Amino acid sequence: MENIKLSFEKDSAIALKNIKLQRALNKAIDQFRNVRWRAVREFQDWEQLRVSARRIKEWTIDHLDGYLEMLEANVINAGGNVHWASDANEACEIILDIAQKHKVKSVVKSKSMATEEIELNHSFEGAGIKVVETDLGEYIIQLANERPSHIIAPAIHKTKDDISKLFVEKLNTPYFNEPEDLTKIAREKLRNEFLNADMGVSGVNFSVAETGTIVIVENEGNARLTTTVPRIHVALMGIEKVIPRFEDLPIFLNILIRSATGQKMSTYVSLITGPKRNSDLDGPEEFHLVIMDNGRSKILSNEETRESLYCIRCGACLYICPVYKKVGGHSYGWVYQGPIGAIITPQLLGIDKASDLPFASSLCGACKDVCPVKINIPRVLLELRARVINDKRVGARFLLRIAVKLWRFTMENTSFYNLALRLSYILQKPWIRHGRLVSLPFPFSRWTKKRDFPAISKIPFRKQWKEIKDLEF
Amino acid sequence: MYLIKEADKKIKVSLFITCLVDALFPQVGVSMVKVLKRLGVEVGFPEKQTCCGQPAFNTGFRQDAKLLAKRFLSIFDRDEFIVSPSGSCTSMVRVFYKELFHDDQKTSNMVELLSTRTYEFSEFLVNVLKVDDVGATYKGRVTYHDSCHALRELRIQDEPRKLIKSVKGIDFMEMKSPETCCGFGGTFSIKFPDVSVSILDEKIESIIESGADTILSTDMGCLMHIGGALNRMNIPVKTMHIAELLSNR
């Protein structure tokens, strides 16, 4: 993780040229926006639901230490084990430790962004333990040896044809192009993996402090299998996933599921409290909950950007974002994409590692309007932009700094401003074609490459004002 | 049409013209003056004004933004109503100044007082003057692009549409997703030009699909961006600020 240095500029340029990706994104995103819109509209008091969810998040994050301890006590009470991991390395070590103690040879995993964040699969593979992703999208991504490009739909960047070819190449199957056939292949392959696995690793959508219950939302049933078939279940959660009470859960299920997939309710919602009890027929013998910080308490300590921790990973901001729709998830360089990625990646990895991301937004604000917990993403982006500019390691380039000072100085003084208008009017002349500026020098060439720029007016408004101020119209 | 009665105290408006309109689109300011004067409003223009500081704020140069914001606050200190031909610049004063000065109580108080008197042009007409029909006429098929800041910071959505639909002879049609960003985003359009243009391309498609010959908005930033591509591609759709439309007779 230390060596990461992301470049949105480079990666987005590649994405924009990828015609297949553009087609895949267009289709999936337009479809989803409609589905989500319907799911939200049919809910009578969506706004009230958002307000409630937001309040619970604010309260919980402000009292996080207490709720995490309550969660720990109740998980232990239910017969589970709780581990605390301060960073990615520690989380991997803890999970690997559990696996090695039980001589685990193969692991099945259900979808979890937290395990992506700590690159858990690498750790397993490094220790000679086989690990299989069982969410269909994640399975595809694992076969292709790629990173997920969307929080909810990890393989959104792949077309049917891409997946068919991938299956032919990696699984030696015939070429099928129907989603049903492809799903059937994956299902057959995965069924054996479930039966042979010694350990299941899952994420956590919510954990309920007062009962010690972890909640997993999914549609494929793979998380249900992951958490019940193998003899050990390990769940990994970030510290921000806890909610206080069981009765808070309906609020969060509603806002998460409607925002994430446009469904009223997902096919499966698993509520897991501890391991198998004596009277249970199924379930793991051991249950481990790993609670991970990995940079989150740093976010918590900063009031300006604390709301970043309210995110429930629904992916709604990705779908609505005009930038994400064009550049896809891989342009954001790390595990979290889109607007939420643009605010949490720089905070989790360090602002110097992802200094491009806070700027990778037109600040249109569509994300804050769809966010079910009302995170004001543009506000956080602006705050992070200020941090980038003030950061000695990245900061603004010398020339930009000078340019901004010069611009500000001009704007602070009306006579300099007037002079600047006059000068610009004169200096622009060599570039004017048909009354417009069509090919300006760098850096303005970045505008005029594909867009005309209007010419500076000969008589600015302030001069015209003198002529018209006493006229009647 | 509503005219302010002689007996009423005249409403006084100070134009917050924005640097963009001042330098590049003065005709928009002139149109605003015409419309306001016709409605019986007393119009003034504080000549010391330059920029509200938004470009600096949006690029992370908060100290520079603060200096310009304070300058703005002192210039418009005593004005009754401050009206601007831009949802974006109005948002800067009404929404983002609070953000900028959240740790400065004294300036925050000034911002609070000033922001309640600051309006974007179309909302000022509809919500303050209570006018939908300003007596304008226009022959043409028009569509309206929601500028992001006007829509999502100021919640201006119905106001410009009411005004547009009241124009005599006008043929108004909505484009697909009028609320989707045009990809301008201020310096974003220069920092990531290819991303910006690819978002713009989708907007241009929606405009063409709508069949309109004129694209309207509350903000010249968006219209400059959209118009820049329309011109470059020789697409015969005119960009027009809502003030220009409303001043047309």
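The values are calculated or read from the model by the stated rules, or taken from the named source; none is laboratory data. Note that the structure is a prediction, hence the values are computed from the model and not measured. In this analysis, Cβ positions are derived from the backbone assuming ideal geometry, glycine residues included, and neighbour counts consider all displayed protein chains.
Count of the range A:259-290 residues, restricted to those that are surrounded by 17 or more Cβ atoms within 10 Å (Cβ to Cβ), in contact with a Leu (Cβ under 9 Å, 6 or more places away or on another chain) and outside any strand (DSSP E or B), is 1. Among the residues making up the range B:168-191, a single one is part of a loop (DSSP other than H, G, I, E, B), surrounded by fewer than 23 Cβ atoms within 10 Å (Cβ to Cβ) and at the interface with chain A (Cβ under 7 Å from one of its Cβ atoms): B:Thr180.
Whether any residue in the range B:62-70 is within 14 Å of another protein chain (Cβ to nearest Cβ), farther than 30 Å from B:Ile164 by Cα, polar (S, T, N, Q) and more than 21 Å from the chain's Cα centre (by Cα) is what I want to check. Yes, the range B:62-70 contains at least one residue that is within 14 Å of another protein chain (Cβ to nearest Cβ), farther than 30 Å from B:Ile164 by Cα, polar (S, T, N, Q) and more than 21 Å from the chain's Cα centre (by Cα).
A single entry from A:Glu412, A:Glu472 fulfils the requirement of being within 8 Å of chain B (Cβ to nearest Cβ) and loosely packed, with under 12 Cβ neighbours inside 10 Å: A:Glu472. Looking across the range A:301-322 at every residue that is within 14 Å of another protein chain (Cβ to nearest Cβ) and more than 21 Å from A:Ala386 (Cα to Cα), the one that is farthest from the chain's Cα centre (by Cα) is identified as A:Pro322. Taking the condition more than 10 Å from chain A (Cβ to nearest Cβ) and among the acidic types (Asp, Glu), does B:Glu80 pass? Judged against the criteria, B:Glu80 is a match.
Of the candidates B:Gly227, B:Gly221, the single residue that is more than 10 Å from chain A (Cβ to nearest Cβ), under 27 Å from A:Glu9 (Cα atoms) and crowded, with 21+ Cβ neighbours inside 10 Å is B:Gly221.
For the range A:67-86, filtering for residues that are under 12 Å from A:Ile239 (Cβ atoms), touching a residue at least 60 places away in the same chain (Cβ under 8 Å) and loosely packed, with under 14 Cβ neighbours inside 10 Å leaves 1.
Scanning the range A:425-450 for residues that are surrounded by 15 or more Cβ atoms within 10 Å (Cβ to Cβ) and at the interface with chain B (Cβ under 9 Å from one of its Cβ atoms) yields A:Tyr425, A:Arg436, A:Val438, A:Arg446, A:Trp447, A:Thr448, A:Lys450.
From the list B:Val13, B:Val111, B:Val28, the lone residue that is in contact with a Leu (Cβ under 8 Å, 6 or more places away or on another chain), closer than 30 Å to A:Glu472 by Cβ and not basic (Lys, Arg) is B:Val13. Being within 21 Å of A:Asn219 (Cβ to Cβ), in contact with a Lys or Arg (Cβ under 7 Å, 6 or more places away or on another chain), hydroxyl-bearing (Ser, Thr, Tyr) and outside any loop (DSSP other than H, G, I, E, B), is that true of even one residue in the range A:168-186? No: zero hits.
From the list A:Lys374, A:Lys326, the lone residue that is touching a residue at least 60 places away in the same chain (Cβ under 8 Å) and part of a helix (DSSP H, G or I) is A:Lys326.
The criterion of being at pLDDT 95 or above, at negative phi and within 14 Å of chain B (Cβ to nearest Cβ) does not hold for A:Thr345.
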